[in-house]
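Visitor: Got a structure for you, questions after.
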Amino acid sequence: MRTTFELIQAVAQTAQSAAPGPPPAPEGFSYRDAFFELVQFVGYFFAIGALGFRYGIVRRVRGISDEARRILRADNAALLGVLGVILLFIAFLGGPYVRSLAENKAFAATLPKNLAPFELKMALLLLALIGFAIVRASPGLGWMLAAIGMLIAVLQPVYTGRALAGRVNAVHILAASTWLGTLLVLTLIGIRGVIRIGTPGLSRAELVCDLVNSFSPLALTAASIVALTGLTTAWLHLKRVSALWTSSYGIALMVKLVFVLMVVLMGAWNWRRVRPTLGESGSEETIRRSSAMELTFGALVLLATSVLVTLPSPR
């Protein structure tokens, strides 16, 4: 009887081990780390995008009515900046906290061993948060503090890091956030606000045209830097072309590049086909839809990047 039971148990264990299950995660990948990386990227997009909207778009628009200026008031963008900095705090502090719970360690033990750069980044983000928060009361001082805090924080690896890849990646993040982050804020506050409320002085289509034309030079410059730094970072990590299809890092990179290509194609479509029609009746709705599509592919780029940065580089 005992021998029969043992035989049945062995067969059951064999069947269980052979049953199909969810595919294992790539070696070195962590869903937890990928989530907090995604939160970090979104935070940078909101915070730096708010700065891009303030300095790269609103200041360049001239000859608009008081009602239009009310729609584009900079403190609306500052609220998104506050949200962005809060997300960055969640990313940088939430990751170690969750890890401390999972590994039953003290919170301090899960923080970076070299605390000085980490503490500096937290102080700079706090400065940026204060800046965004006081924009309504003191716009000049608030935006200056926010810009100082965010720029020095995101470029910290440039002046504290030793690895070339880290320095290039910091510039890559800044450029990508300036490009797509500013587009995000422009769509949420600028284009959407103008369409929803309307303007008595300039027509909606004309004001949206001015906003997009102000954004275009900033987008082209930032996109060029993104392409240059992205190629540099990819080569530093891959080391050989064959790693593109022989490593999990390379496969994730190719997925990201597909989404990046879609963003570029949508941007080119907006530049070549949609932008020349701006100012005509109904063109504001067209650019709103195409910008939303471009941001959708941008979100997919963020998802792919959050996975990519948690994978080990090919050896």
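Read the figures in this text as sums done on the coordinates, not as results from a lab. Keep in mind the model is a prediction, meaning the values are calculated, not measured. Don't worry about glycine lacking a Cβ; one is built from the backbone with ideal geometry, like all the others, and counts go over all protein chains shown.
Visitor: Please give the length that would be gained between T296 and S216 if that part of the chain were fully extended, namely 0.36 nm times their separation in residues minus their C-alpha to C-alpha distance (nm, one decimal).
Guide: Working: separation 80, 0.36 × 80 = 28.80 nm, distance 1.89 nm.
Value of the extension gain: 26.9 nm.
Visitor: I'd like the projected area of segment 155-200, averaged over all directions, using the convex hull of its alpha carbons. Report it in nm² with one decimal. It would help to have the intermediate numbers written out before the result.
Guide: Values: hull surface 15.2 nm².
Answer in nm², one decimal: 3.8.
Visitor: Then there is this: What FRET efficiency comes out for I90 versus R240 if R0 is 35 angstrom and r is the Cβ-Cβ distance? Round to the nearest 0.05. The partial results should precede the final answer.
Guide: Values: r = 37 Å, r/R0 = 1.05.
FRET efficiency, I90 to R240: 0.45.
Visitor: Find which of A268, A222, H172 sits farthest along the positive direction of the dipole of segment 146-269, computed with +1 on the beta-carbon of Lys and Arg, -1 on that of Asp and Glu, about the Cα centre.
Guide: The listed residue farthest towards the positive side: H172.
Visitor: Measuring from centroid to centroid over Cα atoms, what is the spacing of segment 237-265 and segment 115-143 in Å?
Guide: A separation of 35 Å, based on Cα centres.
Visitor: How large is the Rg to Rh ratio of segment 106-156 when both quantities use alpha carbon positions and Rh follows Kirkwood? Mind dumping the intermediate values first?
Guide: Working: Rg = 13.2 Å, Rh = 11.6 Å.
We get a ratio of 1.14 for segment 106-156.
Visitor: Evaluate Rg over Rh across segment 248-315, taking Cα atoms for both radii and Kirkwood's formula for Rh. Don't jump to the answer; show the numbers that get you there.
Guide: Numbers: Rg = 15.7 Å, Rh = 13.3 Å.
Taking Rh as the inverse mean 1/r over Cα pairs, Rg/Rh reads 1.18.
Visitor: Would you mind giving the average projected area, over all directions, of the Cα convex hull of segment 198-315 in nm² with one decimal? Kindly include the intermediate steps, with their values, before the conclusion.
Guide: Values: hull surface 32.2 nm².
Directional mean of the projected Cα hull area for segment 198-315 stands at 8.1 nm².
Visitor: Pulled fully out, how much extra length does the chain show between L120 and V258, if you take 0.36 nm times their separation in residues and subtract their Cα-Cα distance? If you can, show how the numbers build up before the last one.
Guide: Working: separation 138, 0.36 × 138 = 49.68 nm, distance 3.59 nm.
Value of the extension gain: 46.1 nm.
Visitor: For segment 47-57, just list the computed ³J(HN,Hα) in residue order, Karplus coefficients 6.51, -1.76 and 1.60, θ = phi - 60°, integers in Hz, with x standing in for Gly and Pro.
Guide: Rounded to whole hertz, the list is 5, 6, x, 5, 5, x, 5, 5, 8, x, 10.
Visitor: Moving to a separate point now. Could you sort 255-262, 208-215 so that the peptide with the highest average Cβ count within 10 Å comes first and the rest follow in order?
Guide: On the way: 255-262: 16.8, 208-215: 22.0.
Going by the mean number of other Cβ atoms within 10 Å, highest first, we get 208-215, 255-262.
Visitor: A further question follows. In nm, to one decimal, how far is the modelled label at L79 from the one at S281, with both set 7 Å along Cα→Cβ?
Guide: About 3.2 nm separates the two model spin labels.
Visitor: Which lysines, if any, have their Cα less than 24 Å from the Cα of K113, not counting same-chain residues under 8 positions apart?
Guide: Straight-line reach from K113, under 24 Å: K105, K121.
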